[in-house]
Amino acid sequence: MTRFLSRRLVELVVVFLGVTFIVYAMVFTLPGDPIAALGGDRPLPENVVAQLRAEYHLDLPLWQQYLHYLGGVLTGDLGTTFTGRPVSEAMASRWPVTITLALSAWALEMIVGVLLGLAAGLRRGSILDRGVLLGTVLATSIPVFVLGVSAQLVFGLELGWFPIAGTSEGWPASYVLPAAIVALYGLSSVSRLMRGSVADTMRSDFVRTLVAKGMPRHDIVGVHVMRNSAAPVLTFLAIELGYLLGGTVVIEGIFNLPGIGQLLFESIRTHEGPTVVGVTTALIVVFLVTSVLVDVLSSLIDPRIRHE
Amino acid sequence: MRTRRTRLATITIATALTLSACGSTDSGETGSAETAAPEDGGGSFSMAVTDPDLLIPGRQSVAFDFAMTVWAPLTFLELDGELTYVQAESVESEDQQTWTVTLRDGWTFHDGSPVTAQDYVDTWNTVAYGPHAFENSGQLAAIQGYDDLNPADGEPTTEEMSGLTVVDDLTFEVELEGPDSQFPLQLSQAQTALYPMPSESLEDLDAYNTHPIGNGPFELVDDYVEDEPFVVTAYGDYAGEAPTTDQITFVPYTDNVTAYTDALAGNVDVASLPTSRMTQAADDFGDQVYAFEAPGISFLGLPLWDERYDDVRVRQAISMAIDRETINDVIYGGQYEPATAFTPAIEPGTPEGICGQYCEYRPDEAAALLEEAGGFEGTMEITYPGGGGLDEFYNAIANNLRQNLGVDAVATPTADWAEFLEARTDEGIDGPFFSRWGALYPSQQATMRELFLATGGCTNCVPSYPEDVAEAIAAADAAPDDGGESYAAVQELIVEDFPSPPLFFETYGYVTSDKVDELVTSPIGNPRLTHIVLAD
């Protein structure tokens, strides 16, 4: 296990260096001068532009800019936004929102998805099975902004059940609607995966043995089938959590949730290299950590993986 | 007043907006759900804003509404065009070049310290000081010594502008680079770089940005935290006209369409009207929609560096081929006004109609005129910044040009504002382009200087800087203020040259919840929050 973990950690450092450089280079090559565009259609005085450009090292060639950035990162300084705010601070204030949203959506997705998949897998070909398939695929095929804005108008404006936007009412009120919409998009995958996995397990020899042994059906399903079907779904859910933590830009925008996705979107729009790289790197780390966790978890759940 | 930056902030979901149109309701059915109860008689309300990040008036670009409540300007331009004095008692000059500003006695900052001439001079020096890189420092560029604080190369050798002199506690003198009759107007409400900051707070500008202390009718309650609502309350010792309410909450929104919907539900009381909602606002909000005439004007920029646009008749033909009325009705819900001059109509003395037939929709004459000029070769590609909801607008113009002039016109967005700006300033585009200017004080001078002087710097405008126009503007600056007549005369020269077709006199649109009885404005197009009338 130690060797396994240390190998993953070395990988992590390599990925970190590679990703930060690639992202930095990409922001660097975006057309247009971010500082000149800072003032919108009200241009900044030339010397202000020059001053700011020097302050953010934008007057240097790419590799020097990147070294400046890397040097900062190593000393714990992620740089500042164009308004002079430390990137780490900007991220810190936004993580709670994104984490709350992501975990709420993830929990919904997991609970509802696993239950639907289980029900469908146990009754393959039934109306329920087809209904789940049709419903989840239909939901996935509607663009997220249509669903978001419609939900806002129906549940927020017409019915008044939930706030339309903002985080002022806290969890759960402010997060239910956006989380439900985000979760809806993962449902089809989770439920399909679970259905297939359950169906396979139900056909396996050991289940037949258990049935022959006279074990009650709810014990077979609840203990043995669930555990044996969980691995693929778990892997998917872990990766999904990584995605969700990456921020659901559109939903955060529609529901005015100042999360990490919004920050990334805004900083790409304004070509703020340090912010884009900072957020992206944080997301990569989240992704890498979740994938390591998945590996560990899967091997705990399914001993066969450990021995491979 | 709202810059492209704010408008671009709305991006992403322009398409979503049309789709949800079917779900909207009558504002009559939805009551004002929340917002804090008034503390005493005055009442309170909330306004949706873009998260400002920068609150220092010399740096802010999207915090005008906040700034205009927390600071009091030296002068104020009223809706009827009259200039009144707020923090200043008088602003006088004999030669239009040396101005004496006298402050009112007894005015204080929110920390209780008196507002003095020294505060003004220190603030202006701080704002103008090059190494500080204050975004709005250009508003002080006409003062003598500004260039010393902003040398082309290296660090400035002084920290003070030679043109500023403190005479006594309440009086200071301003020496300008040249005579300028519009100086008192330049001290008015939207020129926020000229707002005073207490001298002692200039030591720590970061702290000041977190908690600005102004001289205005409202004071900030708690420290400003990014992305969170911030509250201002009436300042008890304010020496000027008391505001109509006690408290304003500014709520940051990342998407102004969301703010619009929230206003519909009564969760926020004042919100700006997104372009994508202009056509349905009247259905949604009834008479709670406001289109405030603003000192903004849009043009169809023309690439004068491309010889195909050399002939003035080509430019006139393009102008006459654009159906401004229909575009305004269909895309902007009739909120704008087709332009008939080269400066916004709200700027005093603007010679409305000077553009004449060239700003009218005359497709047949346009085609004939283009024919006479020798036609047009090749593609006419209209470039505009993408992601800002401008697609419909420029597609409509391309359609007009294609149908009426028979030219191969297409509208192409850039990825974002930065890319557009670079393409435009590098003259990397060879077709018409996005062009507009929103002035910060309503004088024809404010618009013309930016558009027609090489030093002006409207980077998205047409680079047409004829010498006779520059001379005429300088002459108008030097003449005593005559209500804009001398500037109107300059437009005679411009219309002959016809550098680019004026499109619309802009309005800034707002919607309010039922809590607001009347939203009032001033000639800069923003709501005058200190004078809002709340419903009982």
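The values are calculated or read from the model by the stated rules, or taken from the named source; none is laboratory data. Every value quoted in this text rests on a predicted model; they were computed, and no experiment measured them. Neighbour counts are summed over all protein chains in view; Cβ atoms, including those assigned to glycine, are modelled from backbone coordinates with ideal geometry. Areas reflect the complete protein model, heavy atoms only, side chains present, ligands, DNA and RNA absent. Shrake-Rupley method; radii C 1.70, N 1.55, O 1.52, S 1.80 Å.
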Inset, instruction - Output the number of the condition that residue B:370 fails; it satisfies all remaining conditions of (1) within 26 Å of the chain's Cα centre (by Cα); (2) surrounded by 22 or more Cβ atoms within 10 Å (Cβ to Cβ). - result: (1)
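Conditions (1) modelled with pLDDT under 95; (2) within 14 Å of chain A (Cβ to nearest Cβ); (3) closer than 30 Å to residue B:122 by Cα, marked per residue:
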{"position": "B:208", "(1), (2), (3)": "no, yes, yes"}
{"position": "B:215", "(1), (2), (3)": "no, no, yes"}
{"position": "B:249", "(1), (2), (3)": "no, yes, no"}
{"position": "B:255", "(1), (2), (3)": "yes, yes, no"}
{"position": "B:259", "(1), (2), (3)": "yes, yes, no"}
{"position": "B:271", "(1), (2), (3)": "no, yes, no"}
{"position": "B:287", "(1), (2), (3)": "yes, no, no"}
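So which residues in segment B:447-478 are among the small types (Gly, Ala, Ser) and modelled with pLDDT of 90 or more, if there are any at all? So that I can check it myself, show each step before the final result.
The first filter runs over segment B:447-478 and keeps only residues among the small types (Gly, Ala, Ser), leaving B:454, B:456-457, B:464, B:470, B:472, B:474-476, B:478.
Matches in segment B:447-478: B:470, B:472, B:474, B:475, B:476, B:478.
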Legend entry - Selected residue (criterion: most open to solvent (accessible area, probe 1.4 Å)) from residues of segment A:112-136 that are free of Cβ contacts under 8 Å to residues at least 60 places away in the same chain and either within 14 Å of chain B (Cβ to nearest Cβ) or within 10 Å of residue A:191 (Cα to Cα) (or both): A:115
Inset, instruction - Name the helices (runs of 4 or more DSSP H) wholly inside segment A:43-157 in which the number of residues that are within 30 Å of residue A:177 (Cα to Cα) is 2 or more. - result: A:87-122, A:127-141, A:144-151
Legend entry - Top-ranked residue of segment A:3-58 - restricted to ones that are charged (D, E, K, R) and out of contact with any Ser or Thr (no Cβ under 7 Å at 6 or more places or on another chain), ranked as most open to solvent (accessible area, probe 1.4 Å): A:3
Inset, instruction - Tell me, yes or no, whether segment A:160-170 has at least one residue that is surrounded by 14 or more Cβ atoms within 10 Å (Cβ to Cβ), β-branched (Val, Ile, Thr) and more than 30 Å from residue A:275 (Cβ to Cβ). - result: no
Inset, instruction - Select from segment B:187-208 the residues that are in contact (Cβ under 8 Å) with a residue 40 or more places away in the chain and part of a loop (DSSP other than H, G, I, E, B) and list them in ascending order. - result: B:187, B:188, B:189, B:190, B:191, B:195, B:196, B:197, B:198
Legend entry - Whichever residue in segment A:79-99 is open to solvent by 40 Å² or more (accessible area, probe 1.4 Å) and over 30 Å from residue B:151 (Cα atoms) and, among such residues, is farthest from the other protein chains (Cβ to nearest Cβ): A:99
Legend entry - Residue check, residue B:120 within 21 Å of residue B:99 (Cβ to Cβ), within 14 Å of chain A (Cβ to nearest Cβ) and aromatic (Phe, Trp, Tyr): no
Legend entry - Checking residue B:81 against (1) open to solvent by 10 Å² or more (accessible area, probe 1.4 Å); (2) assigned to a strand (DSSP E or B), the condition it does not meet: (2)
Inset, instruction - Hey, could you check segment B:411-464 for residues that are among the β-branched types (Val, Ile, Thr) and either at the interface with another protein chain (Cβ under 10 Å from one of its Cβ atoms) or in contact with a Ser or Thr (Cβ under 7 Å, 6 or more places away or on another chain) (or both) and say which is nearest to residue B:297 (Cα to Cα)? - result: B:447
Legend entry - Restricting segment A:137-152 to residues that are open to solvent by less than 50 Å² (accessible area, probe 1.4 Å) and of a type outside the set (S, T, N, Q), the residue that is farthest from the other protein chains (Cβ to nearest Cβ): A:139
Legend entry - Residue check for residue A:179: in contact with a Phe, Trp or Tyr (Cβ under 8 Å, 6 or more places away or on another chain), open to solvent by less than 40 Å² (accessible area, probe 1.4 Å) and away from chain B (no Cβ under 14 Å): no
Inset, instruction - Might you let me know whether segment A:218-230 holds any residue that is more than 25 Å from residue A:185 (Cα to Cα) and acidic (Asp, Glu)? - result: yes
Inset, instruction - Pick out the one residue from B:341, B:345, B:409, B:396 that is of a type outside the set (Ser, Thr, Tyr), part of a strand (DSSP E or B) and touching a residue at least 24 places away in the same chain (Cβ under 8 Å). - result: B:409
Inset, instruction - Six or more apart or on different chains, Cβ under 8 Å: which pairs go from a residue in segment B:459-479 that's aromatic (Phe, Trp, Tyr) to one that's in a helix (DSSP H, G or I) and surrounded by 15 or more Cβ atoms within 10 Å (Cβ to Cβ)? Could you list them? - result: B:465/B:452
Inset, instruction - Output yes when any residue across segment B:211-220 is within 28 Å of residue B:439 (Cβ to Cβ), crowded, with 17+ Cβ neighbours inside 10 Å and among the β-branched types (Val, Ile, Thr), and no when none is. - result: no
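Quick one: would you say residue B:338 is under 19 Å from residue B:499 (Cα atoms), open to solvent by less than 10 Å² (accessible area, probe 1.4 Å), more than 14 Å from chain A (Cβ to nearest Cβ) and not hydrophobic (A, V, I, L, M, F, W, C)? Steps first, please.
On the way: under 19 Å from residue B:499 (Cα atoms): yes; open to solvent by less than 10 Å² (accessible area, probe 1.4 Å): no; more than 14 Å from chain A (Cβ to nearest Cβ): yes; not hydrophobic (A, V, I, L, M, F, W, C): yes.
No; evaluated as a whole, the condition is false for this residue.
Being part of a helix (DSSP H, G or I) and touching a helix residue (DSSP H, G or I) at 6+ places or on another chain (Cβ under 6 Å) is the filter here; which residues of segment B:470-485 pass it?
First, pick out the residues of segment B:470-485 that are part of a helix (DSSP H, G or I): B:470-478, B:485.
If the condition is that a residue be part of a helix (DSSP H, G or I) and touching a helix residue (DSSP H, G or I) at 6+ places or on another chain (Cβ under 6 Å), then B:472, B:473, B:476 are the ones that fit.
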Legend entry - Of residues in segment B:133-158 being over 17 Å from residue B:195 (Cβ atoms) and touching a helix residue (DSSP H, G or I) at 6+ places or on another chain (Cβ under 6 Å), the one farthest from the other protein chains (Cβ to nearest Cβ): B:158
Inset, instruction - Please determine, by comparing only the residues of segment B:127-167 that are charged (D, E, K, R) and over 27 Å from the mean Cα position of the chain (by Cα), which one is nearest to residue B:474 (Cα to Cα). - result: B:148
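Where in segment A:193-265 are the helices (runs of 4 or more DSSP H), entirely inside, with at least 3 residues that are at pLDDT below 85 and at negative phi? Spell out the reasoning first.
Working: elements: A:205-213, A:226-245, A:249-254.
Result: A:226-245.
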Inset, instruction - Out of A:265, A:255, A:155, report the one residue that is of a type outside the set (Ser, Thr, Tyr), under 21 Å from residue A:283 (Cβ atoms), surrounded by 15 or more Cβ atoms within 10 Å (Cβ to Cβ) and without any contact (Cβ under 8 Å) to a residue 60 or more places away in the chain. - result: A:265
Legend entry - Leading residue by the ranking (nearest to residue A:32 (Cα to Cα)) among those in segment B:379-410 that are touching a Gly at 6+ places or on another chain (Cβ under 9 Å) and of a type outside the set (A, V, I, L, M, F, W, C): B:383
Inset, instruction - Return the pairs, sorted by first residue and then second, in which the second residue is polar (S, T, N, Q) and in a helix (DSSP H, G or I), the first residue lies in segment A:185-197 and is free of Cβ contacts under 8 Å to residues at least 60 places away in the same chain, the beta carbons are less than 6 Å apart, and the residues are 6+ apart or on different chains. - result: A:185/A:140; A:188/A:136; A:188/A:140
Legend entry - Selection status of residue B:473, away from chain A (no Cβ under 12 Å) and closer than 19 Å to residue B:350 by Cα: yes
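Take segment B:109-120 and flag every residue that is assigned to a helix (DSSP H, G or I) and surrounded by 22 or more Cβ atoms within 10 Å (Cβ to Cβ). Break it down into steps so the answer makes sense when it comes.
In the first step, residues of segment B:109-120 are kept if they are assigned to a helix (DSSP H, G or I); the result is B:117-120.
Across segment B:109-120, the qualifying residues are B:119, B:120.
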